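Encoded as structure tokens, the structure appears first; notes follow it.
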Amino acid sequence: MTEVLGTVADDAARASDVSESGSEPEPKSIGTVNIHNPAVTYGRLNPEIEENILILDSVSDDGLRCDATNRLKMLWPDVDENDRASDTIGREAADTNRPSRGECPDGSSPETYSGAISLLDLPSELIDAILSWLPPLELAAVSLVCRVIRKLANSDSQWRRHVMSNLPGRRITTPYPCQSWRELYVSHDPYWFLTKHKLWFCDRELTGQLIIIRYDERRGCIEGYQLLATRNRDGSEPWIADQDVHIHYFEPTVKLHLDKAILQLNIDSLENIIRNKSVSPPVRHFFSEQPMPLNKGADPRFSNFLLAKPLGKKTLGGRMSNKFPHGYIWPPPAIPAHHRVSGQPAGVHPLATSVNYTSASTSIFQPRNRSEASDQIFRIRQWMEMGPPALGVHVAEEVVTYSTLDPILYTPTPEKPWRGIWVGDYSGHGCEFLLVNQPEHEEERDKAPLVRLEGETEAEFHERFLYERVHRGRLEAIKLTGDANVPRGEYTFVADDLGDDGFIGVAREPPFQGARVVKSKGHIAHMGFYNDKYIESQLLLLSHNRLAQYWVGFGHISFFERVDIDQFLVPK
């Protein structure tokens with residue numbers, strides 16, 4: 001195991017000696033101490049003393065410095081400045097090959113087309129089946145054709161399907177507190193994308209925040225709560241095969257912080273109240289911002305929910321840079337995304353003090369109609385009112401931007417079994433959430449499924465499957481929540497190749513027997529994400545649900561575990 005994890009004979013000397021060339025400064029006898037965890041010890045260098053970061057040798061960061069033009073990080077074709085985004089709320093998928101209005105399938109006019117029949121001539125079952133292909137906006141539009149179509153288009157079976165399609169992993173039985181499924185859908189339109197995507201992470205500076213958004217059928221509201229992780233056991237112990245390496249205990253508990261909702265959209269929202277008071281028939285109003293009833297008792301904080309407008313490719317290319325904070329684009333370039341928007345500067349970086357930048361980031365890019373609103377990103381505006389309600393002073397305003405992940409990024413497959421949402425151990429910083437991404441390249445998409453050869457045993461086929469389809473390619477661990485050293489949205493470690501080029505060996509000593517060990521690069525930095533660099537590390541593939549990262553220079557091993565987010569979607 002010592003050979004597998006790397007030679008450590010020279011590590012102590014490397015920690016205490018200084019390069020003769022003078023390229024690295026001497027370690028100071030008194031260093032800047034980061035957050036200390038008294039239950040944890042480190043094998044060689046204490047990462048809580050920031051000056052130790054300067055001692056460690058860096059490794060190549062080729063391909064790790066985020067590039068705004070990386071096509072692998074763009075999950076959707078570029079959005080032109082004046083074009084609608086392909087994933088916006090108001091745009092539905094359309095078949096470009098279907099005949100235009102007034103044109104029959106054979107190209108003739110309706111008057112001369114011999115096979116033309118009226119839609120109403122079809123059995124109601126067929127009409128119902130045809131309507132089931134329509135998205136909500138088109139279903140509502142077609143209901144205005146006539147009374148017969150209106151009855152079928154407004155049926156509970158049609159609108160229940162649309163409600164359920166936005167509640168992954170859920171099966172609610174009634175539209176309560178509404179009278180019909182259509183009424184329930186309309187009451188939360190256009191916000192069903194929140195529960196459909198369920199997982200959201202934000203740009204709160206450095207640390208970020210991860211929330212789960214779900215639907216509570218008991219109250220008929222869409223609600224979001226912060227996802228937290230705590231350790232059940234603190235401490236570490238020396239590794240039996242090498243006393244200079246310490247293994248950190250990690251037994252996390254993941255739960256929702258139910259004491260305070262981050263987001264709450266009720267049936268009796270301002271939009272619904274205004275709509276119900278409108279003339280008959282009800283008029284649909286578009287609100288890019290609406291209040292949320294989170295203020296309780298003596299709490300002076302108020303919250304508004306805001307829809308967001310995605311940036312076009314010209315604006316995106318001009319704003320995003322290769323250096324942190326990436327022009328305050330959210331999500332940052334390391335995270336693959338359909339849409340990106342302008343984030344809100346706050347905190348330690350120079351743009352945070354720019355009044356012009358702050359005002360532009362919240363007003364210019366706000367949607368004016370449904371077609372401009374993204375279903376991948378939203379914002380929450382918070383502030384405090386000091387004084388009596390009528391004369392209160394509006395202070396301490398903060399705008400936080402939330403983005404989601406495409407499910408393909410965190411849904412494991414037989415070929416990409418480590419994809420997912422993970423929680424990791426970061427010692428004094430506590431537990432942090434990660435996206436473990438296994439990018440898929442173009443040449444991989446066209447390969448046919450691997451089949452068992454004639455005469456090949458099950459064990460032989462499994463071994464060949466691991467070699468040809470599983471143990472290959474790149475694995476990226478990207479922080480969804482971060483800390484003062486390496487913030488949210490940045491790589492925490494990367495294994496360039498799980499295959500032969502990155503293979504080190506198979507662990508032989510406990511507690512890692514049988515684990516495949518590959519080369520990786522760990523990301524470290526001073527507080528405030530300054531002087532960041534990548535150092536030598538090794539990734540231990542313990543199972544598809546548990547990983548270990550050996551930070552060679554620091555001499556400690558930390559663990560990461562998969563998180564099942566679907567367990568939090570049903571209120572208890």
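Here is a check on your reading of the model: is His526 in contact with a His (Cβ under 6 Å, 6 or more places away or on another chain), within 24 Å of Asn46 (Cα to Cα), open to solvent by 10 Å² or more (accessible area, probe 1.4 Å) and of a type outside the set (Ser, Thr, Tyr)? So His526 does not fit the description; no. Which members of the range 173-207 meet the condition of being part of a loop (DSSP other than H, G, I, E, B) and touching a Cys at 6+ places or on another chain (Cβ under 6 Å)? Those that are part of a loop (DSSP other than H, G, I, E, B) and touching a Cys at 6+ places or on another chain (Cβ under 6 Å): none in the range 173-207. Taken over the range 310-357, the criterion of being among the β-branched types (Val, Ile, Thr) and either more than 24 Å from Met527 (Cβ to Cβ) or modelled with pLDDT under 70 (or both) is satisfied by Thr315, Val341, Val348, Thr353, Val355. Within the range 430-456, being at pLDDT 90 or above and not aromatic (Phe, Trp, Tyr) holds for Gly430, Cys431, Glu432, Leu434, Leu435, Val436, Asn437, Gln438, Pro439.
Screening Asp566 on (1) open to solvent by 10 Å² or more (accessible area, probe 1.4 Å); (2) closer than 19 Å to Gly420 by Cβ; (3) part of a loop (DSSP other than H, G, I, E, B); (4) not polar (S, T, N, Q) shows it passes everything except condition (3).
The single condition among (1) at pLDDT below 95; (2) out of contact with any strand residue (DSSP E or B) (no Cβ under 8 Å at 6 or more places or on another chain) that Ile172 does not meet is (2). Within the range 112-119, can one find any residue that is under 23 Å from Ser371 (Cβ atoms) and β-branched (Val, Ile, Thr)? No, the range 112-119 contains no residue that is under 23 Å from Ser371 (Cβ atoms) and β-branched (Val, Ile, Thr).
Within this structure, Ala153 passes the test of being at pLDDT 90 or above, crowded, with 16+ Cβ neighbours inside 10 Å and aliphatic (A, V, I, L, M).
Per-residue answers, yes or no, for (1) more than 30 Å from Asn485 (Cβ to Cβ); (2) in a strand (DSSP E or B):
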site	(1), (2)
Arg381	no, yes
Val399	no, yes
Trp418	no, no
Glu440	yes, no
Glu444	yes, no
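In the range 492-512, the residues that are over 12 Å from Leu540 (Cβ atoms) form Cβ pairs under 9 Å with partners that are among the hydroxyl-bearing types (Ser, Thr, Tyr) and part of a strand (DSSP E or B), at six or more places apart or across chains, as follows: Val494/Ser520; Val494/Tyr534; Asp496/Ser520; Gly502/Ser520. Remark: Ile408 falls outside the filter, which requires a residue to be hydrophobic (A, V, I, L, M, F, W, C), touching a strand residue (DSSP E or B) at 6+ places or on another chain (Cβ under 8 Å) and either assigned to a helix (DSSP H, G or I) or buried (at least 16 other Cβ atoms within 10 Å of the Cβ) (or both). His462 satisfies every condition listed in (1) touching a helix residue (DSSP H, G or I) at 6+ places or on another chain (Cβ under 6 Å); (2) over 30 Å from Thr401 (Cβ atoms) except (1). Taken over the range 513-535, the residue count meeting the criterion of being free of Cβ contacts under 8 Å to residues at least 24 places away in the same chain and on the phi > 0 side of the Ramachandran plot is 1.
Results for (1) touching a Ser or Thr at 6+ places or on another chain (Cβ under 9 Å); (2) open to solvent by less than 10 Å² (accessible area, probe 1.4 Å); (3) modelled with pLDDT of 90 or more; (4) closer than 30 Å to Tyr530 by Cβ, shown as yes or no for each residue.
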residue	(1), (2), (3), (4)
Arg182	yes, no, yes, no
Asp189	no, no, yes, no
His197	yes, no, yes, no
Glu223	no, yes, yes, no
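Could you check the range 135-159 and list, in sequence order, the residues that are in a helix (DSSP H, G or I) and under 15 Å from Lys196 (Cβ atoms)? I'd like the intermediate steps shown before the answer.
Quick first cut of the range 135-159, residues in a helix (DSSP H, G or I) only: 136-142, 147-153, 156-159.
Scanning the range 135-159 gives a single hit, Pro136.
Please enumerate the residues belonging to the range 421-471 that are basic (Lys, Arg) and open to solvent by less than 90 Å² (accessible area, probe 1.4 Å). Residues satisfying the conditions are Arg464, Arg469.
Listed by position, the strands (runs of 3 or more DSSP E) enclosed by the range 217-259 that each have at least 2 residues that are of a type in the set (Asp, Glu) are 242-248.
For Asn485, the criteria (1) out of contact with any Phe, Trp or Tyr (no Cβ under 6 Å at 6 or more places or on another chain); (2) under 19 Å from His248 (Cα atoms); (3) crowded, with 21+ Cβ neighbours inside 10 Å hold in every case but one, which is (2).
Residues checked against (1) among the β-branched types (Val, Ile, Thr); (2) touching a Leu at 6+ places or on another chain (Cβ under 7 Å); (3) surrounded by 12 or more Cβ atoms within 10 Å (Cβ to Cβ); (4) in a helix (DSSP H, G or I):
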| position | (1), (2), (3), (4) |
| --- | --- |
| Ile117 | yes, no, no, no |
| Glu125 | no, no, no, yes |
| Ile130 | yes, no, yes, yes |
| Trp133 | no, no, no, no |
| His162 | no, no, yes, yes |
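On the stretch given as the range 523-558, residues that are in a strand (DSSP E or B) and within 21 Å of the chain's Cα centre (by Cα) total 3.
Taking every residue in the range 549-565 that is free of Cβ contacts under 8 Å to residues at least 24 places away in the same chain and pairing it with any residue that is open to solvent by less than 10 Å² (accessible area, probe 1.4 Å) and of a type in the set (D, E, K, R), at least 6 positions away or on another chain, yields no pair with a Cβ-Cβ distance below 8 Å.
The values are calculated or read from the model by the stated rules, or taken from the named source; none is laboratory data. Being a predicted model, the structure only gives us computed values, none of them experimental. Ideal geometry is used to build each Cβ from the backbone, glycine not excepted, and the neighbour counts take in all protein chains shown. These accessible areas exclude ligands, DNA and RNA; they are computed on the full protein's heavy atoms, side chains included. Shrake-Rupley method; radii C 1.70, N 1.55, O 1.52, S 1.80 Å.
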